[in-house]
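*Asks:* Got a structure here, written out as structure tokens. Questions coming.
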Amino acid sequence: MPNLFKIDFIQGKTDASDYNQVKHSLEDTATNRAIISLSVSADKLQSISNYSREPKRLVFECFPTAWIEENILSGNNEHERYISHFEVRVYRDNTLFFMGIIDTSQLSFDVSSGVLKITCYDKIKLLSLFSDLTHYYSLTAGYQPQWILGYFIQDIEQKIPISIPYSNQFTLPTLNISSDSAMTIAHIDFDDLIQFPNPTGGWTYSYDSSGWPGPFCGFRIDTVVNRISFVFAYKKVIKATYPNPATTRYQGRYRGRIYKFFNNICPVVIEYDEKTDWVEDLASLENAANEFIGFYIENGISETTLYTGLVSVGSIDGRNYGSSHYIGHWVEAHFHGNLFPAMLFPGKAYENYNDEQTDNIKALQAMLMLYNATIFSDPEGHIVLKNKDAYASAIIDIDADDVVSFVSKRGNPEKPEINCLDILAGDTTQLQGRIKDYLIDFHDSKWSCEAVIDQLSKYNLNLQSKLRIQNKIYAITELERNYIDDEYKVKAWLL
């Protein structure tokens, strides 16, 4: 192959009259090399620990033309944060393999040789350049995983006139919690509410009929907001009598709990606890009882719902919830089903009901970590969201003669920095524990290989391609193309 490169400079400013037009080109020919040197970094699946990998980088050298001097080296044709208005499409032997932005902060001109070095990145770079942007996550039913990326991109596009295309190839994974090993997601003790004072001091204690024989508890399902709550309410009135002189007193005891579950199992807990002073008549407890019921009404639960509208088991969007109790002691709520939420609730606005902004980058990190997903750019410049284990179905056989080098080794998985899930609404402690175990299990004890494979044009290799080397099948996790030596450098997991 002739190994000839062509670089088109495209107007990337979306509000420009010449948007998306080719404004200038550098093109190699068999007799003239317009591009002195060119290198491109490897494609990589994102790290397991967090969203931290370097975007794909392309660096090339050339002699600056008059157009380049006027439009790239001059300072008026750029967005904020050193992003040129002009983007590049890069071809090798007429095949497009890279599209991205020009980072004007890294322009380097060697006056003595007259050579200009231009550094370009895929558009994933914009996510880190605009990592300070925030978003008000407030959709009552939550956000599909791809929406987290989509809103981040939209916020950048509203900040500067640029187009950031993306492709969703993500499918919801499954981590099934069986009913036999259901998770306890709420535990409420109430045995202290029915205990009589000790020592008695000569008083006789009993339960007054104005209290409740047992607690009202169960699930409240709200399909409109795609959420389920576990509700607990118990009112106990203790009656105390003294024989001489004959005296009667009453004490009201009230306990309320509302567990609002976000991200399947992450609760926001609203609590109510009240123990009144001893009073001489039941009427004196009326205000306390009304305040207790008012607690539920203020949180969207009517008195009728409290008494007759709660259910002991519930299901919503494939999530299954149940409850159990130890009479006179405690009640519990349980979860089984797919642990991965179909909808996410990023940010703390769901907890405090304030217009609280959330860092886009943190929401993206949490989403990628939670689902073991990755983002990368394709040759057309689209940011692709995909599952890490979404390997290609076809297997590419590598001829033994084309394997320049091959090393197989046992993996040493990094420990995931799972606390990035703190950005999600609710208490994520249990979710973090389960996802951490899942990620460690996914990466643990994997065998991997590092190989150099000859002939770029012979094999169409990409991230997550399956290849067979020495009768074993691997999935590519890192891929670098060496155009000078006409070979691939591959890192891959053994399947």
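*Asks:* Return yes or no: is K362 under 30 Å from Q464 (Cβ atoms), in a strand (DSSP E or B) and open to solvent by 30 Å² or more (accessible area, probe 1.4 Å)? Spell out how you get there, then give the answer.
*Replies:* Details: under 30 Å from Q464 (Cβ atoms): yes; in a strand (DSSP E or B): no; open to solvent by 30 Å² or more (accessible area, probe 1.4 Å): yes.
For K362, the condition - under 30 Å from Q464 (Cβ atoms), in a strand (DSSP E or B) and open to solvent by 30 Å² or more (accessible area, probe 1.4 Å) - is not met.
*Asks:* Considering the stretch 468-494 alone, what residues qualify as being open to solvent by 70 Å² or more (accessible area, probe 1.4 Å), assigned to a loop (DSSP other than H, G, I, E, B), in contact with a strand residue (DSSP E or B) (Cβ under 8 Å, 6 or more places away or on another chain) and within 25 Å of P55 (Cβ to Cβ)?
*Replies:* Those that are open to solvent by 70 Å² or more (accessible area, probe 1.4 Å), assigned to a loop (DSSP other than H, G, I, E, B), in contact with a strand residue (DSSP E or B) (Cβ under 8 Å, 6 or more places away or on another chain) and within 25 Å of P55 (Cβ to Cβ): none in the stretch 468-494.
*Asks:* Residues of the stretch 108-149 being within 24 Å of F170 (Cα to Cα), hydrophobic (A, V, I, L, M, F, W, C) and open to solvent by 60 Å² or more (accessible area, probe 1.4 Å), which ones?
*Replies:* Passing the criteria: L139, W147.
*Asks:* Mind checking whether some residue in the stretch 206-215 is among the hydrophobic types (A, V, I, L, M, F, W, C), touching a Phe, Trp or Tyr at 6+ places or on another chain (Cβ under 8 Å) and either open to solvent by 40 Å² or more (accessible area, probe 1.4 Å) or free of Cβ contacts under 8 Å to residues at least 12 places away in the same chain (or both)?
*Replies:* Let us first name the residues in the stretch 206-215 that are among the hydrophobic types (A, V, I, L, M, F, W, C), namely 212.
Among the residues that remain, those that are also touching a Phe, Trp or Tyr at 6+ places or on another chain (Cβ under 8 Å) are: 212.
If we keep only those that are either open to solvent by 40 Å² or more (accessible area, probe 1.4 Å) or free of Cβ contacts under 8 Å to residues at least 12 places away in the same chain (or both) as well, we get none.
Among the residues of the stretch 206-215, not one is among the hydrophobic types (A, V, I, L, M, F, W, C), touching a Phe, Trp or Tyr at 6+ places or on another chain (Cβ under 8 Å) and either open to solvent by 40 Å² or more (accessible area, probe 1.4 Å) or free of Cβ contacts under 8 Å to residues at least 12 places away in the same chain (or both), which makes the answer no.
*Asks:* Also, quick follow-up: Assess whether D427 counts as being touching a helix residue (DSSP H, G or I) at 6+ places or on another chain (Cβ under 6 Å), acidic (D, E) and touching a residue at least 40 places away in the same chain (Cβ under 8 Å). Spell out how you get there, then give the answer.
*Replies:* On the way: touching a helix residue (DSSP H, G or I) at 6+ places or on another chain (Cβ under 6 Å): no; acidic (D, E): yes; touching a residue at least 40 places away in the same chain (Cβ under 8 Å): yes.
Spelling it out, it is not the case that D427 is touching a helix residue (DSSP H, G or I) at 6+ places or on another chain (Cβ under 6 Å), acidic (D, E) and touching a residue at least 40 places away in the same chain (Cβ under 8 Å).
*Asks:* Another question, then. Picking from F340, F335, F376, which residue would you name as being of a type outside the set (A, V, I, L, M) and modelled with pLDDT under 95?
*Replies:* On the way: F340 fails: modelled with pLDDT under 95; F335 fails: modelled with pLDDT under 95.
The conditions single out F376.
*Asks:* Right, next: Consider only pairs whose beta carbons are under 6 Å apart and that are at least six residues apart or on different chains; among these, list those whose first residue lies in the stretch 175-201 and is open to solvent by 50 Å² or more (accessible area, probe 1.4 Å) and whose second residue is charged (D, E, K, R).
*Replies:* From the stretch 175-201, the pairs are T184/E332; H187/E332.
*Asks:* What is the one condition in (1) within 25 Å of I265 (Cβ to Cβ); (2) part of a loop (DSSP other than H, G, I, E, B); (3) out of contact with any helix residue (DSSP H, G or I) (no Cβ under 7 Å at 6 or more places or on another chain) that R434 does not satisfy?
*Replies:* (2)
*Asks:* Please go through the stretch 161-174 and give me each residue that is more than 16 Å from the chain's Cα centre (by Cα), surrounded by fewer than 18 Cβ atoms within 10 Å (Cβ to Cβ) and either assigned to a loop (DSSP other than H, G, I, E, B) or charged (D, E, K, R) (or both), ordered by number.
*Replies:* The first filter runs over the stretch 161-174 and keeps only residues more than 16 Å from the chain's Cα centre (by Cα), leaving 161-167.
With surrounded by fewer than 18 Cβ atoms within 10 Å (Cβ to Cβ) added as a condition, the list becomes 161, 163, 165, 167.
Scanning the stretch 161-174 gives P161, S163, P165.
*Asks:* Hey, K56 hits all of (1) within 38 Å of the chain's Cα centre (by Cα); (2) at pLDDT 95 or above but one; which does it fall short on?
*Replies:* (2)
*Asks:* Then there is this: Quick check on my filter: what residues within the stretch 1-16 are within 37 Å of the chain's Cα centre (by Cα) and polar (S, T, N, Q)? Walk me through it before giving the result.
*Replies:* Initially, the stretch 1-16 is screened for residues within 37 Å of the chain's Cα centre (by Cα), giving 7-16.
Correct list: Q11, T14.
*Asks:* Any residue in the stretch 2-23 that is of a type outside the set (F, W, Y), touching a strand residue (DSSP E or B) at 6+ places or on another chain (Cβ under 8 Å) and modelled with pLDDT under 95? Steps first, please.
*Replies:* Our first condition is that a residue be of a type outside the set (F, W, Y); within the stretch 2-23, this holds for 2-4, 6-8, 10-18, 20-23.
If we keep only those that are touching a strand residue (DSSP E or B) at 6+ places or on another chain (Cβ under 8 Å) as well, we get 3-4, 6-8, 10-13, 16, 18, 20-23.
In the following step, the residues that additionally are modelled with pLDDT under 95 were identified as 3-4.
Checking the stretch 2-23: at least one residue is of a type outside the set (F, W, Y), touching a strand residue (DSSP E or B) at 6+ places or on another chain (Cβ under 8 Å) and modelled with pLDDT under 95.
*Asks:* Could you please let me know if Q146 is part of a helix (DSSP H, G or I) and in contact (Cβ under 8 Å) with a residue 12 or more places away in the chain?
*Replies:* Numbers: part of a helix (DSSP H, G or I): yes; in contact (Cβ under 8 Å) with a residue 12 or more places away in the chain: yes.
Yes; evaluated as a whole, the condition is true for this residue.
*Asks:* Being open to solvent by 70 Å² or more (accessible area, probe 1.4 Å), closer than 15 Å to F216 by Cα and touching a residue at least 60 places away in the same chain (Cβ under 8 Å) narrows it down to one of Y307, Y326, so name that one.
*Replies:* Details: Y326 fails: touching a residue at least 60 places away in the same chain (Cβ under 8 Å).
Every option except Y307 fails the conditions.
*Asks:* Looking only at the stretch 239-269, which residues are β-branched (V, I, T) and either open to solvent by less than 10 Å² (accessible area, probe 1.4 Å) or out of contact with any Gly (no Cβ under 8 Å at 6 or more places or on another chain) (or both)?
*Replies:* Taking the stretch 239-269 and keeping what is β-branched (V, I, T), we get 241, 247-248, 258, 265, 268-269.
If the condition is that a residue be β-branched (V, I, T) and either open to solvent by less than 10 Å² (accessible area, probe 1.4 Å) or out of contact with any Gly (no Cβ under 8 Å at 6 or more places or on another chain) (or both), then T241, T247, T248, I258, I265, V269 are the ones that fit.
*Asks:* Consider A289 carefully, then state whether it is closer than 25 Å to T174 by Cα and of a type in the set (G, A, S).
*Replies:* So A289 does not fit the description; no.
The values are calculated or read from the model by the stated rules, or taken from the named source; none is laboratory data. Just so it is clear, the model here is predicted, and its values are computed rather than measured. Because the Cβ atoms are built from the backbone with ideal geometry, glycine has one as well, and the counts that use them run over all protein chains shown. Heads up: the accessible areas ignore ligands, DNA and RNA and are worked out on the full protein's heavy atoms, side chains in. Shrake-Rupley method; radii C 1.70, N 1.55, O 1.52, S 1.80 Å.
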